[in-house]
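The values are calculated or read from the model by the stated rules, or taken from the named source; none is laboratory data. Since this is a predicted model, take the numbers as computed values, not measurements. In this analysis, Cβ positions are derived from the backbone assuming ideal geometry, glycine residues included, and neighbour counts consider all displayed protein chains. Heavy atoms of the whole protein, side chains included, go into the accessibility calculation; ligands, DNA and RNA do not. Shrake-Rupley method; radii C 1.70, N 1.55, O 1.52, S 1.80 Å.
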Amino acid sequence: MATDTSLALRNALIYQVYIRNHTEEGSFRALEADLPRIRALGTDIIHLLPIHPVGVEGKKGSLGCPYANRDYRSVNPDYGTMEDFRHLVDEMHAQGMKCIIDVVYNHTSPDSTLRREHPEFFYRTPEGGFGNRFGDWSDVIDLNYDVRGLWDYQIETLKMWAEIVDGFRCDVASLVPVDFWCAAREACAEVKPGLIWLAETVHTSFNRAARRAGMNICTDSEAYAAFDLEYDYDIREKLDDYWAGVRPLHEWVDALNAQEAVYPMNYIKLRCLENHDQPRIADRISDPLALENWHALLFFQKGATLIYAGEERCDANQPSLFDRDPVNWTGRDLSGELAHLAKLKKAYFPENGWFSAGANDERHTVLARFGSAQTELAGAFSLKGTPAEFRLDVPDGRYEELISGKRVELQGGTFRTDGHPCILRLRG
């Protein structure tokens, strides 16, 4: 595990923004007007999807994918100028938020500056041409980290951006050597200590398929040597299967518990219900009370919380990565609910706490505990939004329920909910 990781990140709220689709203008300057509202959600960190120019050769859709990067060292002119970007980051800082940017270091667009200037930095197919090694990524070509000159170029690029931003979300980080990320972290710390390093580690099935193809791909445990936070894609497929109705709830909950045993003591996972690569949660779950429970359970989990812009307005449309597809800001407003959960997490959840949970498959409920030597909380979540009964091995009495501010009576260790989520303050 990165030795200087701040455990405060466990209680951080990260807000993900796709500049192209966030506003009608789709620009850095236009986003500035929305910063106070984003901050009011309890946001600590804004994650910007790639801000760089998009490749034209082989592009997908009318505008191309931001993950087909054409130039690592400049900004997309459709979003504004470098001065506009600096101004945006300054405004985030002024309002108490940090900024992390997406870095896509496994591949570039076929017409990238790097390919033109350094073709020796790229992977070559058995036939000798440019290409990619994995996935339906027809709009990108892979880099080759066996070439040490590539390391120097990429690290110098990160150091340039470290002068401006507060950290990096590293796309498909598992496909880039961990030793490179360790070297990059060490070098960038000389520019700005305390940078945030978030790894998009990959789904378990992706990792298995890559290894079957003979590719070097790191595990989540290995990636923690360089990163502060990682995606929880190691267990995400179990959750997706539960939502699809093909796997029982307890298998995902058991996997959550297993993370407490297999990762370093100071591990931090990024928890989300949706992101730019996943379907919108409002599309999966339409019942308001069920969605309330899912968001409460999201914040109750151990790790940083991610909200994708539009989630707070129940936007059910997953925005296209390849075309203009603005967020629908007219839906049901969950902003107050999410801001309250973020406030509770910061106030009551110990940064050095432990987590455990159990599931009832038949009733679709989860009862979780979060605690430390001084504090203990219990979370009761009815994931279908129906009344439910829960049993806790604690003394009978009246306990504060943090979401509503009311008191809950426990008798014989049992209590009932009316379908709303409950977070009980047991100690501390």
D_trans [Stokes-Einstein, Kirkwood Rh over alpha-carbon pairs] for the range 189-313, 37 °C, 0.692 mPa s, µm² s⁻¹: 205
Among 310-318, 407-415, the order from most to least packed when residues are scored by Cβ within 10 Å on average: 310-318, 407-415
Share antiparallel - DSSP beta bridges, the chain, percent rounded to 5: 55
Beta bridges by DSSP in the range 4-112, antiparallel share as percent, to the nearest 5: 10
Rounded FRET efficiency, nearest 0.05, which uses the C-beta distance separating F130 from E337 and R0 of 56 Å: 0.70
Degrees separating the helix 335-348 axis from the principal Cα axis of the chain, which is the longest one: 80
Angle in degrees between helix 249-262 and the longest Cα principal axis of the chain, rounded to the nearest 10: 70
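Computing the accessible area with a 1.4 Å probe over protein heavy atoms, can you report the carbon and sulfur percentage for the chain?
Details: 8100 of 16730 Å².
After summing per-atom areas, the C and S share lands at 48 percent.
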Extreme residue, positive dipole direction of the chain, given options F322, L114, Y308 (C-beta unit charges): Y308
DSSP-loop GluC sites (Glu not before Pro) across the range 137-238, with at most 14 other Cβ within 10 angstrom: E163
Accessible solvent surface per residue of the chain, calculated while the other protein chains remain in place, 1.4 angstrom probe, Å²: 39
Share of Cα-Cα pairs in the range 55-148 lying beyond 18 Å, as whole percent: 52
Rounded to 10°, Cα long-axis angle of helix 148-162 versus longest principal axis of the chain: 60
Cα Rg, Dmax, the range 355-428, angstrom units: 11.5, 34
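For the range 335-394, which GluC sites (Glu not before Pro) are in a loop by DSSP, counting at most 12 other Cβ atoms within 10 Å?
E362
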